[in-house]
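Participant: My structure is below; once you've seen it, I'll send some questions.
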Amino acid sequence: MSIVLHIERLVIDEALLGGERAAAVPAAIERELGRLLVAPGAAVALRGIGSIASLPPASLPLCRHPKDQLGTRIATAVNQALGVGGTPSGQSHLQRRQSWQSQK
C-alpha cells in the first residue's frame, strides 16, 4: 500500500516551539507519521477513508514531558484526524469530517 500525504500549509505559533528549531518540525512530523501509519490496524483504517482532500482541524495533544517534540505531537493529531489512532471524542473520521464540513 502506498500512502501520499501532502501538508500544504502548517502555521506554528512560536510559543509552541518551546525552544525547538522550527526547521526540525517537518522532519519530526514525517518520522512520527511514518511510524504511526505502519502500526497494526492503520492500513485497514486508511483503506476505509480512501482519498480525501482535507482533514478537519485536530486538537494538538498536550505536552506531557519536556522532551515531547512538537512534530511528534502534530503527527499524533494528524493520525487521529485520519481516524487511525482514534479520536479523543470517540467519533469516526467520517463523523468528524461531516460535522466539520457542515460548520464551514
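Laboratory data are not the source of any read-out in this text; all were calculated from the coordinates shown. Since the structure is predicted, the reported quantities are computational estimates derived from the model, not experimental observations. Here Cβ is always computed from backbone atoms with ideal geometry, including for glycine, and neighbour counts include all displayed protein chains.
Participant: If you go through the range 67-88, how many residues are closer than 24 Å to residue 23 by Cβ and touching a Gly at 6+ places or on another chain (Cβ under 8 Å)?
Facilitator: Number of matching residues: 3.
Participant: Any idea which of (1) assigned to a loop (DSSP other than H, G, I, E, B); (2) surrounded by fewer than 12 Cβ atoms within 10 Å (Cβ to Cβ) is the one residue 12 doesn't satisfy?
Facilitator: That leaves (2) as the condition not met.
For every residue, the table says whether it meets (1) assigned to a loop (DSSP other than H, G, I, E, B); (2) surrounded by fewer than 19 Cβ atoms within 10 Å (Cβ to Cβ).
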| residue | (1), (2) |
| --- | --- |
| 44 | no, yes |
| 62 | yes, yes |
| 65 | yes, yes |
| 71 | no, no |
